[in-house]
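Reviewing the structure listed below.
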Amino acid sequence: MPLHLDFTNMMAGQLPGGAGITPSQWAHGASRFATAHARVLAQHAAGTLGFIDLPTDEDALAATLAVARRHGGQVDDVLLLGIGGSALGPIALRSALRPPHWNELTVEQRDGLPRLHTLDNVDPASISAMLSRLSLARTLVLVVSKSGGTVETMAQYLIVRAALDETLGEREARARLLFVTDPEVGALRAVARAEGITTLDIPANVGGRFSVLSPVGLLPAALIGIDVRGVLAGAAACAARCASPELATNPAGVFAVMQWLADREHGAHVQALMPYADPLRDIAAWFVQLWAESLGKIRADGTSVGPTPLPALGATDQHAQVQLFMEGPADKTVTFIKVDGREGEGLIPSRHAERPELGYLGGHTLGRLLEVERQATAGALAARGRLNATITVPAVTAQSVGALLYLFELATAYAGELYEVNAFDQPGVELGKQFAYAMLGRPGSEAARAQWDALPKPDPRWQV
């Protein structure tokens, strides 16, 4: 069974109190989607939406697998330096497609494959702790930055490079490094050319948060034994399902339109993604960056738009966020991710039959319990008129994970057209970057320094 999206609980007539998307709203959404679909196709044809080509890019896959094979059996640890899309995608793939607590398993339990660590921040405590426990002689360091100048990643690189040089010497340090960056421009590309460091390309027309199906995600995945061909095959299958301009047959279009209408027509400005499967929890974190950074924008008419994505995990967040979802402001949608075929897993023993709180559980399974709790939560939300939908995958496999990732990426492209914003830039983060560069003394930041110096200074009247 392929990926399946049930949005019954988003629609009027299914929910009490007049809640839900009405037929006329859905018809309007279908009309808008046809235009959005055409515009996405036109952008792709113009060469600007490279993420659409990644599932079938055999050259990039071959290059990635060749590098992974070259390092097979040579390293115990892979250390990825990156932030945002450079780290969230690889983390999501590891969580979904390797056994739980991968890095804590023995080398035998990992079949000789390396651990995968990510440094996705610049907190000195985390970086020093990581370096103190790695054998750098048996570590491959992936430096991942599309621009080749991301300040956090470059700071990480300089620190780790110094540790490599000190421990191994400059020649061997270069052999321990691999850059994943733009094919032509940027500081990493220049360093790689000057020093002969191996590189893999992030296509010039693929942005960081859309790069999980490029070497950004596939190289670390391949190094730890994930079936990256399967990931791409799942993505390609999802792409084929989403080729139609007819909303009724395009699951990525349905996801985009239902969330856009919920936000625009029903005030559901917060959109939670809630997998009921621990292996998929980090896909929710990856989705948050994808949805937020792509859609939170100022339109040409000066209007600020964009929903707020929220990660959640079932059943854990039934004891944290679901109270808010049920009785807090009716400004949210919840999209559950259900994994089929697990209801026979985790038999619960029969014991304490005399205790009503325990006796009824015997003979059930954890898989059944998790699915019953998902159904109960979805039903309870619907009973209160709270909008929700469910994405079902047949199992947590390379193919299903690839399909999920591609579904959300393409839905984001469609949603950008629905919101009338560019889903592929991030101007809102640039001013903060420029201020940081100015305070750190980066050349060319003089104008930002002047603007920073003109900002109001802390006022002791408003401090406590």
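A few notes on this one:
- The residues S86, S244, when put in order of fewest to most other Cβ atoms within 10 Å, stand as S244, S86.
- Rough spin-label spacing in nm, given labels placed 7 Å along Cα→Cβ, for E446 and H319: 6.0
- Annotation for Q463 and E343: the two label points, set 7 Å from Cα along the Cα-Cβ direction, are 6.2 nm apart.
- Size estimate for the chain follows the Kirkwood approach: the inverse of mean 1/r over distinct Cα pairs works out to 23.9 Å.
- Take every pair of alpha-carbon atoms less than 8 Å apart whose residues are at least six positions apart; their mean separation over the length of the stretch 9-139 yields a relative contact order of 22 percent.
- Only helices enter this figure: runs of n ≥ 4 DSSP H residues, each worth -39500 (n - 2.57), summed and divided by the residues of the chain, yield -14500 deg cm²/dmol at 222 nm to the nearest 500.
- FRET efficiency for the pair A380 and A436, taken as 1/(1 + (r/R0)^6) with r the Cβ-Cβ distance and R0 = 56 Å, rounds to 0.80.
- Of L79, A63, G17, farthest towards positive along the dipole that unit charges on Lys, Arg, Asp, Glu beta carbons give the chain: L79
- Fraction of beta bridges assigned by DSSP in the chain that are antiparallel (%, nearest 5): 15
- Peptides 327-334, 121-128 ordered by average Cβ neighbours within 10 Å, highest first: 327-334, 121-128
- Full extension of the segment from R351 to I298, taken as 0.36 nm per residue of separation minus the current Cα-Cα distance, would add 13.2 nm.
- A Cβ-based charge dipole, computed about the Cα centre of the stretch 51-226 with Lys and Arg at +1 and Asp and Glu at -1, lands at about 200 debye.
- Hydrodynamic radius (Kirkwood) for the stretch 135-286, which is based on Cα pairs only, to one decimal in Å: 18.5
- Using C-alpha pairs under 8 Å with a sequence gap of at least 6, the mean separation divided by the residue count of the stretch 298-413 gives a relative contact order of 29 percent.
- Fewest-first sequence of K146, K338 by Cβ atoms within 10 Å of each Cβ: K338, K146
- Helices assigned as whole DSSP H runs in the chain whose Cα atoms extend at least 27 Å along their own long axis and whose mean Kyte-Doolittle hydropathy is -0.5 or higher are found at 23-45, 398-419.
- Whole-Å semi-axes of the stretch 51-226's equivalent ellipsoid (Cα gyration tensor): 22, 20, 16
- Charges were assigned to the Cβ only: +1 to each Lys and Arg, -1 to each Asp and Glu. The resulting dipole of the chain about its Cα centre is roughly 160 debye.
- Nonlocal amide H pairs with I21, under 5 Å, H built at 1.01 Å: M11, A12
- Over the chain, relative contact order from alpha-carbon pairs under 8 Å, at least 6 apart, %: 21
- Of all DSSP beta bridges in the stretch 90-225, antiparallel share, percent nearest 5: 0
- Comparing T333, A243, L188 along the charge dipole axis of the chain, the residue lying farthest to the positive side is L188, per the Cβ-charge model.
- Calculated over the stretch 7-135: convex hull of Cα atoms, volume per residue (Å³): 209
- Spatially close Lys pairs in the chain, defined by Cα atoms under 26 Å apart and a spacing of eight or more places or different chains, total 5.
- Ranked for footprinting exposure by Cβ neighbours inside 10 Å, fewest first, R189, R299 give R299, R189.
- Hypothetical label at E58: residues of the stretch 229-247 whose amide nitrogen lies under 16 Å (7 Å Cα-Cβ projection): 229-230, 232-233, 236
- Contour excess over end-to-end distance, with Cα ends at A454 and L361 and 0.36 nm allotted per residue: 27.0 nm
Values in this text are rule-based calculations from the coordinates and carry no lab data. If you're wondering where the values come from, they're calculated on a predicted model, not measured in any experiment. Neighbour counts run over all protein chains shown; Cβ positions are idealised from the backbone, glycine included.
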